[in-house]
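The values are calculated or read from the model by the stated rules, or taken from the named source; none is laboratory data. The structure displayed is predicted, hence computed values, not measured ones. Cβ placement follows ideal geometry from the backbone for every residue including glycine, while neighbour counts extend to all protein chains displayed.
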Amino acid sequence: MHLPLVRPEHLPVDPHRLPDIADLAAHLRFSPQSGHIWLHDKRMLLIHAEAMGVLRRELIDSIGLDHARGLLTRMGYYAGARDAEIARKVRAQTSLHDMFIVGPQLHALSGIVQVETVRLDIDVERGRFDGEFLWKASSEDDEHIRHYGVGHEPACWMQIGYASGYTSEFMGRPILFRETECRAMGNEICRIVGRPVEDWTDAADDVRFLQIESFTKGLSAAAATPRADAPRTAAGKLPTAFGDDDMVGASPGFNSTCQMVKRVASTRATVLFLGESGVGKEVFARALHRISPRHDKPFVALNCAAIPEALIESELFGSEKGAFTGSVATRMGRFERANGGTLFLDEIGILSMNAQGKLLRALQQGEVERLGDHQTRKVDVRVVAATNVNLRDEVAAGRFREDLFFRLNVFPIRIPSLRERREDIPILMHYFLGKFMQRHGRSFTGFTGRAIGAMLAYDWPGNIRELENVIERGVILGTEGSAVDIGHLFTSGETFGAQRFELSQDGALTRAADPAGMPAAAAAGVERVSRRVNDLLGDGGGDDNDVVSLDEIEDALVRKAIQRASGNVSAAARLLGITRSQLVYRLKSRGIAAQSA
């Protein structure tokens, strides 16, 4: 695992000193032939400022000022979080100040605004951040003033979102920026101030623009966590691992799911939550109930996988005394207990065929029959189900009833994995750190740079449940009064791949695939060949004793093409200008694995 070493420093140094921007400009690539612009490993766009101004006006006029501001702020937040990754890669060996300044410099390199530092007090390990910056020649202000003139509210919405997202990702905790002066308000320049969310006494009005729905916490989760320097208190009443209070996030995937929940909450429709284990399906189910018209009625949950098959029917529908061995009293089932409210059935894909048939009848007829009884009882229950298996595949395999599937699949909502909402990791880290400091009566200043890098690099197969467990482990193992380090977090054999990410087709940030399985030695060989070929073609000199054979060059080209094509042999062959069969022959002869497509 290669993670950047971030050295804690107490600044200010000379706040006006800016590192040379040449290292950032060197990562900017234009490829007109393929229609791509790349900054490091992120695809970029070159777009007219006036076009963004038109979009801004259309949004304000069509959905209202507050909704438009929220949308553009969240868009900026996402962009800032992505640029924080670039900062850690490009200036991994520099000072903390120079690494952080990548954000303001990228802002300028993108043509958005000129940034001048007034003050910058930053210490990652102590979780301390206090920054003040001046913005000059803001393109966002230019367009807002062009359409709406000078007003009474700040208008650099995307830029504020960018600064908050960049710094939150960089610090590993939620940081909120506020515009205290703005050209759109008649000031000569724009002035912004950034601090941890909990250090603002009135952050709610700004934080709401990063929350797509009011029933989520978003960055405001930080306000509920105790400060590291606050006196320790005994553990009070805390939310359960997946209680309602854990609706935390600001990423596009999280916000999209919240929108779906809000749209369906006021209806009577059956909802099916889909997603990997640990993504928080019960969290969303409870939120749906909480904002629905049934919120004052019972919410009853049942994990179908936790109940023996022989007892599942009695759990769902109840039983009469003597209905089976050990039944010594009449007992209401979950349907009756949830009457008027919501019944949440988790891991519904494991139900037996017999239980599925009875569940289907209860859904269709709105009535249940207890075991050992012939009387039917009417129930008014909204069923919310969840599964981490593909029910369509289960239907095809004959393990799940097709009619029940269609009855449940009225309004499916997919909850993204943590790998698809990496922007939420710093928020969740800080939220769970505060939660477990309070629960265990311990105090920490935050996370080290190494720990933040590791948390962002890890794949999180167990999703939020795993992240929560890792943070609790860090609180238990860490040294009080200091920062939680990587050695306190990953102690159970967790493995890390290369810290490489890419944008998927739906715009989510995902780990870049390495289908070729290129080992470190092979990767180093490819880099050496690339350097030597560039020397030869560019008359760059270099070491003439470092001989590279044509066979090595071909091997490097094949490996890079497979890597660029995400393992797709046909696509890689097109990149190399050869046929698929020719590439397959070369792959076999070199022992390089790839997909079969």
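Can you name every residue in the range 261-315 that is without any contact (Cβ under 8 Å) to a residue 60 or more places away in the chain and either within 12 Å of I413 (Cα to Cα) or of a type in the set (G, A, S) (or both)?
K262, R263, A265, S266, A301, A305, A306, A310, S314
If you take the residues of the range 346-379 that are at pLDDT 90 or above and acidic (D, E), which of them is surrounded by the fewest Cβ atoms within 10 Å (Cβ to Cβ)?
So, considering only residues that are at pLDDT 90 or above and acidic (D, E), the one surrounded by the fewest Cβ atoms within 10 Å (Cβ to Cβ) is E347.
With the condition kept exactly as written, say whether any residue in the range 160-168 is among the aliphatic types (A, V, I, L, M), in the same structural domain as I189 (by TED's automatic domain parsing) and either in contact with a Pro (Cβ under 6 Å, 6 or more places away or on another chain) or closer than 19 Å to P196 by Cα (or both).
yes
For the range 555-570: of the residues being modelled with pLDDT of 80 or more and among the small types (G, A, S), which is surrounded by the fewest Cβ atoms within 10 Å (Cβ to Cβ)?
S570
Conditions first: (1) at pLDDT 85 or above; (2) in a loop (DSSP other than H, G, I, E, B); (3) not hydrophobic (A, V, I, L, M, F, W, C). G497 passes all but one, so which condition is the exception?
Of (1) at pLDDT 85 or above; (2) in a loop (DSSP other than H, G, I, E, B); (3) not hydrophobic (A, V, I, L, M, F, W, C), only one is false for G497: (1).
If you take the residues of the range 398-413 that are outside any helix (DSSP H, G or I) and not aromatic (F, W, Y), which of them is nearest to S352 (Cα to Cα)? Don't jump to the end; show me each part of the working.
Here is the first cut: in the range 398-413, the ones outside any helix (DSSP H, G or I) are 398-401, 409-413.
Subsequent filtering for residues that are not aromatic (F, W, Y) retains 398-399, 401, 409-410, 412-413.
Working: G398: 11, R399: 8, R401: 10, N409: 18, V410: 21, P412: 22, I413: 24 Å.
Ranking the candidates gives R399 first.
So, in the range 414-451, of the ones that are over 12 Å from the mean Cα position of the chain (by Cα) and assigned to a loop (DSSP other than H, G, I, E, B), which residue ends up surrounded by the most Cβ atoms within 10 Å (Cβ to Cβ)?
By that ranking, first place goes to T448.
Residues are listed down the side, and each one gets a yes or a no for (1) over 14 Å from I189 (Cα atoms); (2) modelled with pLDDT of 90 or more:
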position: G111; (1), (2): yes, no
position: D130; (1), (2): yes, yes
position: W135; (1), (2): no, yes
position: S139; (1), (2): no, yes
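Can you find even one residue in the range 107-125 that is without any contact (Cβ under 8 Å) to a residue 60 or more places away in the chain, within 26 Å of D424 (Cβ to Cβ) and of a type in the set (D, E, K, R)?
no
What are the residues in the range 268-306 that are crowded, with 16+ Cβ neighbours inside 10 Å, charged (D, E, K, R) and not in a helix (DSSP H, G or I), if any?
Answer for the range 268-306, where residues must be crowded, with 16+ Cβ neighbours inside 10 Å, charged (D, E, K, R) and not in a helix (DSSP H, G or I): E276, R294, K297.
Would you call Y77 modelled with pLDDT of 90 or more and either surrounded by fewer than 18 Cβ atoms within 10 Å (Cβ to Cβ) or in contact with a Pro (Cβ under 9 Å, 6 or more places away or on another chain) (or both)?
Values: modelled with pLDDT of 90 or more: yes; either surrounded by fewer than 18 Cβ atoms within 10 Å (Cβ to Cβ) or in contact with a Pro (Cβ under 9 Å, 6 or more places away or on another chain) (or both): no.
Spelling it out, it is not the case that Y77 is modelled with pLDDT of 90 or more and either surrounded by fewer than 18 Cβ atoms within 10 Å (Cβ to Cβ) or in contact with a Pro (Cβ under 9 Å, 6 or more places away or on another chain) (or both).
If you go through the range 48-62, how many residues are more than 15 Å from E143 (Cα to Cα) and surrounded by 13 or more Cβ atoms within 10 Å (Cβ to Cβ)?
Narrowing the range 48-62 to residues more than 15 Å from E143 (Cα to Cα): 62.
Within this subset, residues satisfying the condition of being surrounded by 13 or more Cβ atoms within 10 Å (Cβ to Cβ) are none.
Residues meeting the conditions: 0.
Could you tell me whether A385 is at pLDDT 85 or above, in a strand (DSSP E or B) and surrounded by 15 or more Cβ atoms within 10 Å (Cβ to Cβ)? Reasoning before the result, please.
On the way: at pLDDT 85 or above: yes; in a strand (DSSP E or B): yes; surrounded by 15 or more Cβ atoms within 10 Å (Cβ to Cβ): yes.
Yes.
Out of all the residues in the range 248-257, is one or more closer than 20 Å to I427 by Cβ, in a helix (DSSP H, G or I) and modelled with pLDDT under 85? Please lay out each step first, then the result.
The first filter runs over the range 248-257 and keeps only residues closer than 20 Å to I427 by Cβ, leaving 248-257.
Filter once more, so that each one left must be in a helix (DSSP H, G or I): 252-257.
Next, only the ones that are modelled with pLDDT under 85 stay: 252.
Scanning the range 248-257, I find at least one residue that is closer than 20 Å to I427 by Cβ, in a helix (DSSP H, G or I) and modelled with pLDDT under 85, so the answer is yes.
Just to be sure I understand the filter: pairs with C-beta atoms under 7 Å, separated by 6 or more residues or on different chains, first member in the range 348-372 and basic (K, R), second member not in a loop (DSSP other than H, G, I, E, B). Which pairs pass?
That search, which allows pairs on different chains as well, returns K358/E313; K358/F317; R370/F317; R370/G318; R370/S319.
Which one is surrounded by the most Cβ atoms within 10 Å (Cβ to Cβ), of the residues in the range 120-158 that are among the charged types (D, E, K, R) and farther than 26 Å from L96 by Cβ? Steps first, answer last, please.
Filtering the range 120-158 down to residues among the charged types (D, E, K, R) leaves 121, 123, 125-126, 128, 130, 132, 136, 140-143, 146, 153.
Filter again for farther than 26 Å from L96 by Cβ, leaving 140-143, 146, 153.
Working: E140: 27, D141: 24, D142: 17, E143: 21, R146: 13, E153: 12.
Top of the filtered list is E140.
Out of everything in the range 390-413 that is touching a helix residue (DSSP H, G or I) at 6+ places or on another chain (Cβ under 8 Å) and loosely packed, with under 15 Cβ neighbours inside 10 Å, what residue ends up being nearest to L272 (Cα to Cα)?
R392
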